[in-house]
1. Restricting attention to region 111-135, report how many residues are over 13 Å from L83 (Cα atoms), of a type in the set (D, E) and part of a helix (DSSP H, G or I).
2. So in region 23-45, with the set limited to residues that are among the aromatic types (F, W, Y) and assigned to a helix (DSSP H, G or I), which one is surrounded by the fewest Cβ atoms within 10 Å (Cβ to Cβ)?
3. Name the residue, out of R36, R50, R19, R61, that is basic (K, R), within 28 Å of A148 (Cα to Cα) and over 17 Å from the mean Cα position of the chain (by Cα).
4. Every residue in region 191-225 that is touching a Leu at 6+ places or on another chain (Cβ under 8 Å) and either not charged (D, E, K, R) or not in a helix (DSSP H, G or I) (or both), please.
5. Out of all the residues in region 178-211, which are within 30 Å of I17 (Cα to Cα) and without any contact (Cβ under 8 Å) to a residue 24 or more places away in the chain?
6. Determine, yes or no, whether G51 is at pLDDT below 85, in a loop (DSSP other than H, G, I, E, B) and open to solvent by 30 Å² or more (accessible area, probe 1.4 Å).
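The values are calculated or read from the model by the stated rules, or taken from the named source; none is laboratory data. Given the structure is predicted, the values throughout are model-derived calculations rather than measurements. Neighbour counts run over all protein chains shown; Cβ positions are idealised from the backbone, glycine included. These area figures cover heavy atoms from the full protein model, side chains too; ligands, DNA and RNA do not enter into them. Shrake-Rupley method; radii C 1.70, N 1.55, O 1.52, S 1.80 Å.
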Amino acid sequence: MMHYYQANDLPTMLSGIRRAPIVFGTDIRDMFLQIRFTEEDLYCHLFVFRGDPKEELKTYRFLRHPFGSAGSPCVAIYTVKRLAKDFENKYPFASSMVLASSIVDDIMGSAENEEEAIRILTQLWEIFASAKMKAARIFSNSKKVLKAFPVEDTATKLQLIQHEQDPKLSTLGMSYLPKTDQIGYRMKVPEDTDWMPRKILQVQARLYDPLGLSSPFRVKGILISRKPKKRPKNGTCQ
């Protein structure tokens, strides 16, 4: 039976890539647009459009879930988990990975060896293909795993970190570097600013860290926020 609350626990999911030596994952290309609306929901997704200001406005409706619709993430999560349940008997390991280690269109995990990782990724492709979904952006810390799939479907052209030539995969505020097998964070820090307690807390709040890995580095800012502040004569507390 499928429960109403489908979202996986973030710390459990993100820490799953460190359970075994071979890290791998994939995501679903244009996931929302692969899921059709039910007939009764079509009237809730109408919009008007005209290509020329002189033309009359025409009313259209979305036939598939667009990005930005409030219900699209929930429907997407339910869809992939329903697919996984349908393939539990045929592909138990791949199905369990979707059920326990996915967040909307991202699936990631780890395996004991490269052959196991390739087998699970191949099974994930078949599971999603049954619903006409395309799995892409495969990533791994193993070159053998990446070479087992077409280069256009791998994440070898991800964003570069600073001036290094190492690709990274970014998800939920974290960056995974397959080449060095490291997890890190990237955040813009203003250069010319007065580092008063308020500013430190503002910058620190920009870092989203569901696993708490950056806590040893953030604790000083937390301690600053707990110190009693003296209100200056001009009434502005920095």
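1. 3
2. Y43
3. R19
4. Y208, P210, L211, S214, G221, I224, S225 - these are the residues of region 191-225 that are touching a Leu at 6+ places or on another chain (Cβ under 8 Å) and either not charged (D, E, K, R) or not in a helix (DSSP H, G or I) (or both).
5. Initial filter on region 178-211 (within 30 Å of I17 (Cα to Cα)): 178-189, 203-211.
Once the filter is applied, which keeps residues that are within 30 Å of I17 (Cα to Cα) and without any contact (Cβ under 8 Å) to a residue 24 or more places away in the chain, region 178-211 yields T180, Q182, G184, M187, K188, V189, V203, Q204, A205, R206.
6. Numbers: at pLDDT below 85: no; in a loop (DSSP other than H, G, I, E, B): yes; open to solvent by 30 Å² or more (accessible area, probe 1.4 Å): yes.
For G51, the condition - at pLDDT below 85, in a loop (DSSP other than H, G, I, E, B) and open to solvent by 30 Å² or more (accessible area, probe 1.4 Å) - is not met.
For every residue, the table says whether it meets (1) modelled with pLDDT of 85 or more; (2) in a loop (DSSP other than H, G, I, E, B); (3) open to solvent by 50 Å² or more (accessible area, probe 1.4 Å).
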position	(1), (2), (3)
A70	no, yes, yes
E88	yes, yes, yes
S96	yes, no, yes
G109	yes, no, no
